Structures are given as structure tokens and as C-alpha cells.
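Reviewing the structure listed below.
The values are calculated or read from the model by the stated rules, or taken from the named source; none is laboratory data. Quantities reported herein were computed from a predicted structural model and do not represent experimental measurements. Cβ placement follows ideal geometry from the backbone for every residue including glycine, while neighbour counts extend to all protein chains displayed. SASA here: full protein model, heavy atoms, side chains in, ligands and nucleic acids out. Shrake-Rupley method; radii C 1.70, N 1.55, O 1.52, S 1.80 Å.
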Amino acid sequence: MGSYEPTRGTSSRGRQGLPLLMAICALLSGRTGAAGNSLPPAPDAAARSPTPAPVATGALRTASSPVALDPFFAGLEERALRILYPTAPLEREAAGFGPGGNSATPAPDAIGVLRDPYPAPSDVSRSVPLDPFFADLEERTLRILYPTAPLEREAAGFGPGGNSATPAPEAIGVLRDRYPVDDAAHSVPLDPFFADLEERTFRFFWETGNPRNGLIPDRFPTPSFASISAVGFGLTAYPIGVERGYISRQAARQRVLATLRFFAGEANQHGFFYHFIDMRSGARSNESEVSTVDTALLLAGMLFCQTYFDGDDPEEIEIRTLAEEIYRRVDWTWAQPRPPAVALAWTPEGGFAGLDWNGYNEAMLVYLLALGSPTHPVDEQAWTQWTSTYDKFWGTLYDQTYLSFAPLFGHQYTHVWVDFRGIQDSYMREHGLDYFENSRRATYAQRRYAIANPKQFQGYGKNVWGMSASDGPGPARESNLGGDRRFLRYAARGVALGRVVDDGTIAPTAAISSLPFAPEIVLPAALEMYHRFGSSIYSSYGFLDAFNASFPGPQSPPQPTLPGWVDQDYIGIDQGPILAMIENYRSALVWRVMHSNSYMREGLERAGFSGGWLEEPPLGPTPPPPGPPEQYPLVQNPLAAAAPLAQSPLAPTP
């Protein structure tokens, strides 16, 4: 795959845009004199790297007075850098895919709230935050000079005439539902920060994935094998990228086709795949298991693409054919050594794991896809068995009565693809709510736990909360208040009836992936974490996986805006729900498309679900005309009173 040199003409637009771009850049860097002439460089400037060193990363500063800027300017600087250095992560063949290849995306510590490479004193009291509008202004000016954005290289099927990888104007600024209506009161206003977060999170999948086979790394930038569940989230990401204007439909279907063609020939056990596989060859990695739930997450992404790509183009026909083939060959009954339950995993060394999927957790997706199979479906008693253990987890916790599961991902994963608003199975009918409302209550319970903060961890509060499966600073121990604190490594943290796993580690995905359920508390939480901690937790691809303000860090004394420990990685299965649930909140795209997937509908109906959209015929990927105002934003539970939305994302919340 080649690259191209962008045309650098002298059109009137370019002549008008260049001075404005230079002026903004000069203002940000503080390197100009009164007349706009460059100031002499600092004595050691020649010895410095073009990329700011970690110590210099943070808020942009001038030599005379510190000025902190919004992290949106980091994205602008990166985009400009990638114009000058076009060997972007997409151009794998040209740069050499894998650890040996160059990446034009700066290291995490070089992205976020920018700092001048010539550090100023550490007094941040004079910092001045700017509105994200200015980042948008600078980017738009840049696009005058170079209209083909960095994501869209020839590697993705684009040339100088390609579409912009930046969202179209209607998707920038105050965000609104992408299906416009005459009455703006039906729109969903959001802070522009969420446009930046959604695009950065999308780029995680687009830029770190292997374009030859579609595999997505389990984590990045730490060298990693691929995770098949991350691939499922990646497949879900590509149509979102099309709808938001990040990539063209052609580029998306080519990446989807590469993925499906690979898995059509990948080694499998009765249709199930190994959890972790090599990024290039697809060979089993890390002695991983054949995983039923991770295969289900992969299949959900495939079925979403099967329904979304509904055109007559030969590539779209092939997408539908391959997705059908891969889903049909999965023998769900093989994974039932103790029917009617489905086993967690199988390995060639030990056979089936001794545990089955019971209780309430992310495996709801496993049973729905197993029930909907057209070739090897499980018996309907499988759902009865699955729900028979619910009572162990039903109860009241932090004033919320709900079906509990400690980490929030269990309340989110299946909801990425299934719209549970207003549809109920037998268990939920008996308890007077639906699974959407159940997830809303789980979200509130975690927030109220953080407010109570029984273990007295630093940073917890009404707008800093959220535990899920994530990295952590451990293993380590620390004496505190006469006790002994234990910090975990990777763990499923959270609160549930009779179970609390909490070591002070916050995973931003926990709160943000609950956006459709409870925007009135999620919006301020995301903004608070972003503005309070800045570049220490927000980087190239959005929020780093986790942070811990209580873990002893390098700064002394501790600073409230610098967590003691911050993960250096992004994790694919945490990035995926962030992207998908932001989009489900904005436009319900994934939900609306999956309304028309016959296999998902069949699985839900065989599980006993009824009501809501299941009573209506399939709608196809194009949503219907907007409904009455009370349907917007898409957060109300039709079986309960709607929670009031905060007028401002930063307004006080209950």
C-alpha cells in the first residue's frame, strides 16, 4: 500500500487559511513576538526532540505566563504532525506492520493537555482553560489547506479526493442526533468533548488493527496478541465511523471483508474461536481457551455488519454471505457438556471448563445468540436455567433495587447490540422493570458507592466513579488508617450484593459506557475526569484504561490533579463499549440496525422477550422518522418515570 504527497497548491483558500493557522499555532506555543516574528529558540532547543518529552507534556505554556489549554489542542497538533509525517498507523505495508513499523501517533505521554517543550515553573494557578470550540476552529482551518484528513490514506482506499476523516460539520460542536428533524427540541445536545472522545476511540480500532486480517490488539501500545472480542467491537466501530464521517463506506467494508475472510478460514472448534490469537497469523496465543463469550462478542459485531451493509455492491453481498457462514457453523450444543447450560470455555489440554454460564453477567449475549442460531440452537430451557439463579443477585444496594453484578461491563456488553428498552422476559415482567432500567440502577449504585466511599479512597465523589474489569496498579500493599490496603493488577472491580472489589481504581469505561442508561450522571462524570486530570488520563485514543489516585505515585506531595497511578494502555474490550454506547446515546445506530437482525430477534423471542420494538416489524438500518419529544434523548425507560436531565452537563446532580 502506497502513500501520496498531498497537493500543496496556492489557492485563495490556502492563502487565506495559512496565516490564520500559523497565528493560532503561534498563540498556542507562545513562540512569537509582537509582530508575529519567531522568537529566538531557547539555548537547548537544538538538542530537543520534536516530540515533547514526558516531563514537558501537559498544558501549553509560554515563557512568560503559564496558559493551560483544553486537551482538544493535542488532537490538532497530532493531525498537523501527521500531515508532515504521513507514515500513519494505517500505512502498514509502507512502514512495516507490527512492532518494527513506525507510528505517527505520538506516545500517550505526548498527547492530551499540551505543554510547551520549554517548561515553565510548575505554578498552575494562572492556568487558563479554553473552550473546545477553538480546537474545532483550528482544525477546520487546517482542512482548508489539506482537505483529505490523515485517516484516509491510500492504504484505506483513498486518494487526494477522499472524504474527510473528521466528522461532517453537522457532527461537530454541539452534537445532535444524526437524523435531523425540523424541530431542534428533538435533538440531543452534548458537550463537544464527546465528539473528540468518540473519534479518538474510533481511531483506536482503525489505526491499531491489522488491515490485512482485521485483527485488533487486546491492548495498546504494549505489544499484544489479538483479542477476538476486541475484533467484535472493532466490527461494530466501522459502521459508526461511516455514519460519523470518519471513513468512507468503501473503506469500512474493505476492512470488514478482510476480517470476515480471515475468520472464515481461521482454526476453530465447532465454530468457536480461541480468545487470544497472534496479530498476524491468527495462531493460538498465550495458551488461551476457546471462549464461548468472546466468540459471542465477535459474532455480535459480525451480525451487526451483516445487517448494516445491506446494499447491492458485491462487497456488501460478500459481507452478508461470510457473516452468515461463520454464524451458522457455530455448534452451540457442542458447548453444553452439562445441558441446558453453556460452558465457559474449552482447551485442547483439559477439555471443557468445569463452570457454566449462570447468574447474571455478560453471558446473556451467549444465550441469545445460541437461541437464535438457525443451525445448532440450544433448547429454550437454557434461558430458563440461566435466569433460575437470578434471585441470588436480586436485592437492594445503595438505595437501588436491581439484579446485581459487580463490574459494570456485565450491565453493558449485551446492551451494545440489544435494545432492551421496553422489552421483557418472564423474570423482568415479574419484577416490574426491563434490563435497560436494571442497568440504569446498577450505574446509580456505583455512583452512590463512590459518594459514600467506605474505604476512603482518594478522588472518589459524585463525578469521579466507575469500576469495571480493568488494569490496576498492583500487585501491591499499603498500610492505611491502621489497616492494610491491597492493590490489584487486572481485576473485575465493582459492587454487588455480598461482593465488593475496590482498590481505588477508576476505569472511565465504566461510567461512559453507561451513557444511554443515565446521562444525567454520566455526562458530568466524563467531563469532570477529563477536566480534572487532563492529559494524565486522556491521550491519543481517548481515556487510558484506568487510574488510581490513592496509589503512591512519583509526585511528592500528592497533587489532586495527578493520579498516583495511570495505566499506559488502552484495552480493546473497554474501548468498544465507550464508542458504541456514545453512538447509541446520540443516534441509537447499533440498536436500530440490530432491530432488523432476524437472528437476534429470534433469540430474544425464544428467550421469552416481548413488548416494545419486538411487537413491530423489522425497520432496517435506516431509522424511522423521529417520534415525539419524550423519546429524546434515548434514555427513558418506558416502564418507569423518566429521570430528569441536567440542564448543563456540569450542573449539580443528585
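Of the strands (runs of 3 or more DSSP E) lying entirely inside the range 481-555, those containing at least 2 residues that are closer than 23 Å to Gly359 by Cβ and open to solvent by 30 Å² or more (accessible area, probe 1.4 Å) are 499-501. Before we move on, is Val242 open to solvent by 20 Å² or more (accessible area, probe 1.4 Å) and modelled with pLDDT of 95 or more? Yes; evaluated as a whole, the condition is true for this residue.
Under the condition of being crowded, with 16+ Cβ neighbours inside 10 Å and over 28 Å from Gly498 (Cα atoms), the residues counted in the range 348-378 number 9. The criterion of at least 3 residues that are touching a strand residue (DSSP E or B) at 6+ places or on another chain (Cβ under 8 Å) is met by none of the helices (runs of 4 or more DSSP H) wholly inside the range 357-435. Total residues in the range 245-265 satisfying the condition of being open to solvent by 20 Å² or more (accessible area, probe 1.4 Å), in contact (Cβ under 8 Å) with a residue 12 or more places away in the chain and within 22 Å of Glu325 (Cβ to Cβ): the figure is 5. Look at (1) touching a His at 6+ places or on another chain (Cβ under 9 Å); (2) over 30 Å from Arg601 (Cβ atoms) and you find that Thr443 fails only one, number (2).
Among the residues of the range 286-298, those that are open to solvent by less than 20 Å² (accessible area, probe 1.4 Å) and not in a strand (DSSP E or B) comprise Ser288, Thr292, Val293, Asp294, Thr295, Ala296, Leu297, Leu298. Suppose we keep only residues that are under 16 Å from Gly372 (Cα atoms) and of a type in the set (Asp, Glu) within the range 311-345. Which one would you say is most open to solvent (accessible area, probe 1.4 Å)? In this case the residue turns out to be Glu325.
Conditions (1) at pLDDT below 95; (2) over 19 Å from Tyr435 (Cβ atoms), marked per residue:
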{"residue": "Ala507", "(1), (2)": "no, yes"}
{"residue": "Met529", "(1), (2)": "no, yes"}
{"residue": "Tyr541", "(1), (2)": "no, yes"}
{"residue": "Leu544", "(1), (2)": "no, yes"}
{"residue": "Gly553", "(1), (2)": "yes, yes"}
{"residue": "Gly564", "(1), (2)": "yes, yes"}
{"residue": "Ile573", "(1), (2)": "no, yes"}
{"residue": "Arg601", "(1), (2)": "no, no"}
{"residue": "Arg606", "(1), (2)": "no, no"}
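Scan the range 572-599 and report the pairs whose first residue is open to solvent by 10 Å² or more (accessible area, probe 1.4 Å) and among the polar types (S, T, N, Q) and whose second residue is in a helix (DSSP H, G or I) and modelled with pLDDT of 95 or more, with Cβ atoms within less than 7 Å and a gap of 6+ or a chain change. Short answer, once both residue conditions are applied: Ser596/Thr307. All conditions but one from (1) under 20 Å from Pro377 (Cβ atoms); (2) over 22 Å from the mean Cα position of the chain (by Cα) apply to Pro314; the one that does not is (1).
Within the range 416-436, the set of residues being touching a residue at least 24 places away in the same chain (Cβ under 8 Å) and open to solvent by 10 Å² or more (accessible area, probe 1.4 Å) comprises Arg421, Gly422, Gln424, Ser426, Tyr427, His431, Gly432. Looking only at residues in the range 380-406 that are surrounded by 23 or more Cβ atoms within 10 Å (Cβ to Cβ) and in contact with a Lys or Arg (Cβ under 6 Å, 6 or more places away or on another chain), which one is farthest from Pro508 (Cα to Cα)? The selected residue is Tyr402.
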